[in-house]
Amino acid sequence: MSRMIQNPILKGFNPDPSIIRVNKDYYIATSTFDWFPGVQIHHSRDLVNWRLLTRPLDRLSQLDLRGIPNSGGIWAPCLTYHDDIFYLCYTIVQQLNGVTKDAPNYLVTAKSITGPWSEPVFINSSGFDPSLYHAEDGRKWWLNMVWDHRPGKHPFYGIHLQEYLPDEKRLTGQPELIFKGTELGCTEGPHIYRRNGYYYLVTAEGGTKYEHAVTVARSRSLTGPYEVHPGNPLLTAWGDRSLPLAKTGHADLVETEEGDWYMVYLCARPLPGRDECILGRETAIQRLLWKDDDWPYLEANDNRPQLHVRAPNVPEHPFTSPPARDDFDRPELNIHYQFPRTPLASDQMSLAERPGHLRLRGGQSLESRFGQVMVVRRQQAFRYQATTKLEFEPDSFQQMAGLVCYYSTRLYHFCYMTHDERAGTCLYIQTLDNGEVQWPMNTAFIPLNNAKSVFLRAQMDYDRLAFFYSFNGQNWRRVADDLDSSILSDDYATEWGFTGAFVGLACLDLSGQRKHADFDFFEYLEHEL
């Protein structure tokens, strides 16, 4: 009996997958939006087991997202490989709330998937979701959707194609409109493949919410015209809210060494009976079959996503799971951590000043888009427990450090130690609900009797969140419970929302004195996978 792949394969905030195979190795690149380092690349050898391998945009010279709006930044990377070179193209969305979009597209290259990756080369800015097609004759072609800001026009104008000159690192000739899309609309995320004399164009349509879908079209000519798959859409979950995988779309195809075909795509898992997807948009996979009509179909002979998919007939290749507890005893942070918008400099974060601890120096507010000091990781399960030990000696109510459950500068829950001029050190909780501040403890606080250290814990249970504290790592006391964690989702956000929930450590000093906090460890335990 064949082994099965269980979806999603990349859990928690891993949207817009782009997949390649290099010999026996598979790599998937996914969007990171306003989080640093930019672009996640996962690795597998069997399409069943995956590990986070690298993030290629890891230098400030490559990626500076200061001031970028929530859910701006890195959109829809496309990873390709040709003539021993890895190519990664992507968009940096700098403005997305107006009628126009400021969305420059860039390209970086590397000889190794783990880098170092080159400095970015600006390509164009006519629209987002770029893709690079390496033709059989050696020429290279750049694709992206085009944004139409004119009144009375659909903003998704269509898919443009233009030749790219790698030696000169620029486009040449005039862009050609090769596909206007179907009645589903919102045509984006283009990828081209060559098979049996046809060029196949795969696009995302229907928008990124529950109407999302995968469309396939083909042509004998690269420039078209393209005819649409007779069973379009190839994949969608729209119209059936009972499906465990929703919002399915934005796909990319890959062929195995054995000649089998698979399609990776983004999906989301709503809270039971709800619209909110607190895990963000994830990556799933389906097996494809090519029929006698030279069109691809899902192996299940349906266009609905499946939770379990037949795996390729290759040896199993599991990876060692990262430890749940990080004692900060290594010279570099674990790869699963990310920062909002920019890396933390040596005067903001240190693993060396106090060995065995992560030292954070207080930065700007959690609403800032410029100078936050936060070290967080993705939420990848509906139920988890996150714990840390904090040592902090604030002498002002403007100095705060603690445990944060975070979606954006407008949506978070923050349990922190601070100072009160009458009570000394104490614990507070602050919630930001679409920009509106709330105090779940009704402006009260929990006095810590001038303790310099405290254990903090967050327990997530689907749409409910509780914070706890302890002085000895046992005897846990409740700070607050029944907090609404569904606010940490794309669906709840009143502005653009394309990311996912994070949990981790934050240190603020609104006085500008940069008071430091020491975190002895951070532990993230999932209660369901």
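The values are calculated or read from the model by the stated rules, or taken from the named source; none is laboratory data. From a predicted model like this one, the values you see are computed outputs, not experimental measurements. We place every Cβ from the backbone using ideal geometry, glycine too, and count neighbours over all the protein chains shown.
Put simply, of 511, 489 the only residue that is farther than 20 Å from residue 427 by Cα and in the same structural domain as residue 390 (by TED's automatic domain parsing) is 489.
Matching residues to (1) without any contact (Cβ under 8 Å) to a residue 40 or more places away in the chain; (2) touching a Lys or Arg at 6+ places or on another chain (Cβ under 8 Å); (3) among the charged types (D, E, K, R):
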position	(1), (2), (3)
92	yes, no, no
95	yes, yes, no
120	no, no, no
131	no, no, no
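Every residue, every condition in (1) hydrophobic (A, V, I, L, M, F, W, C); (2) surrounded by fewer than 23 Cβ atoms within 10 Å (Cβ to Cβ), yes or no:
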position: 235; (1), (2): yes, no
position: 250; (1), (2): no, no
position: 270; (1), (2): no, yes
position: 280; (1), (2): no, no
position: 287; (1), (2): no, yes
position: 300; (1), (2): yes, yes
position: 320; (1), (2): no, yes
position: 326; (1), (2): no, yes
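Inspection of the stretch 357-374 finds no residue satisfying the criterion of being more than 25 Å from residue 339 (Cβ to Cβ) and not hydrophobic (A, V, I, L, M, F, W, C). For the stretch 11-32, the set of residues classified as within 24 Å of residue 307 (Cβ to Cβ) and either at pLDDT below 95 or in a strand (DSSP E or B) (or both) consists of 18, 19, 21, 26, 27, 28, 29, 30, listed by residue number. Screening the candidates 445, 467 for the property of being of a type in the set (Phe, Trp, Tyr), in the same structural domain as residue 395 (by TED's automatic domain parsing), under 27 Å from the mean Cα position of the chain (by Cα) and within 17 Å of residue 401 (Cα to Cα) yields one hit, 467.
The single condition from (1) crowded, with 18+ Cβ neighbours inside 10 Å; (2) at pLDDT below 95 that residue 106 fails is (2).
Please determine, by comparing only the residues of the stretch 338-357 that are of a type in the set (A, V, I, L, M) and within 18 Å of residue 35 (Cβ to Cβ), which one is surrounded by the most Cβ atoms within 10 Å (Cβ to Cβ).
349
Please count how many residues of the stretch 433-464 are of a type in the set (Ser, Thr, Tyr), surrounded by 13 or more Cβ atoms within 10 Å (Cβ to Cβ) and not in a strand (DSSP E or B). Don't jump to the end; show me each part of the working.
Initial filter on the stretch 433-464 (of a type in the set (Ser, Thr, Tyr)): 443, 453, 462.
Going one step further and asking which of them are surrounded by 13 or more Cβ atoms within 10 Å (Cβ to Cβ), we end up with 453, 462.
This time we only want the ones that are not in a strand (DSSP E or B), so: 462.
Result for the stretch 433-464: 1.
This table checks each residue for (1) among the hydrophobic types (A, V, I, L, M, F, W, C); (2) modelled with pLDDT of 95 or more; (3) under 30 Å from residue 455 (Cβ atoms).
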{"site": "297", "(1), (2), (3)": "no, yes, no"}
{"site": "306", "(1), (2), (3)": "no, yes, no"}
{"site": "310", "(1), (2), (3)": "no, yes, no"}
{"site": "322", "(1), (2), (3)": "no, no, yes"}
{"site": "329", "(1), (2), (3)": "no, yes, yes"}
{"site": "336", "(1), (2), (3)": "no, yes, yes"}
{"site": "339", "(1), (2), (3)": "yes, yes, yes"}
{"site": "344", "(1), (2), (3)": "yes, yes, yes"}
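For the stretch 33-46, the criterion of being in a loop (DSSP other than H, G, I, E, B), among the small types (Gly, Ala, Ser), in contact with a Phe, Trp or Tyr (Cβ under 9 Å, 6 or more places away or on another chain) and touching a residue at least 60 places away in the same chain (Cβ under 8 Å) is met by no residue. For residue 428, only one of the following conditions fails: (1) in contact with a Phe, Trp or Tyr (Cβ under 8 Å, 6 or more places away or on another chain); (2) assigned to a loop (DSSP other than H, G, I, E, B). What is its number? Evaluating residue 428 over (1) in contact with a Phe, Trp or Tyr (Cβ under 8 Å, 6 or more places away or on another chain); (2) assigned to a loop (DSSP other than H, G, I, E, B) leaves (2) as the failure.
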